[in-house]
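Working notes, beginning with the structure itself.
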Amino acid sequence: MAGVTASNRCPQCNHSVFAEDRYCSKCGERLPGGQSFSAAEAAGAAMTKAMKDRRVRTVAGGAAIGAAAGLVLPVMTTGFGLVAGAAYAGYKLVKKD
Ligand SMILES: [Zn+2]
């Protein structure tokens, strides 16, 4: 069984890592001795590295907010359209004399 040992060290930042770890949990550096190397894992490692950069994180956060707004906005505009339409209809109703 894979033992949980913290005897290994990251060659990049010297952070102590577990023997079965493929990437440093601190800097995202790929550790020697890792078995497989998939694209998803590479993306995960790149993400870990990117998250260390505040500028990248800010951009990623902005993109996430933009995506969330893009999801919410159609609902909001539809709701606003209903309210605005109802208000206009009501206004016209009152105004007709
Ligand atoms: Zn490291």
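What follows is calculated from the coordinates using simple rules that are stated; it is not laboratory data. In this text, all values refer to a predicted model and were calculated from it rather than measured experimentally.
Tabulate in residue order the Karplus-calculated ³J(HN,Hα) for the range 19-32, using 6.51 cos²θ - 1.76 cosθ + 1.60 with θ = phi - 60°, rounded to whole Hz; enter x for Gly and Pro.
In residue order, the calculated couplings are 4, 8, 5, 9, 9, 5, 6, 9, 10, x, 5, 6, 8, x Hz.
Skipping prolines and chain starts, which residues have an amide H placed within reach, meaning under 5 Å, of the one on TYR23, given they are 5 or more residues away or on another chain?
It is LEU31, by chain and number.
Please list, in chain and number order, the residues 5+ apart from ARG9 or on another chain whose amide H is under 5 Å from its amide H, with Hs placed from the backbone.
Close amide H contacts, sequence-distant or interchain: VAL17.
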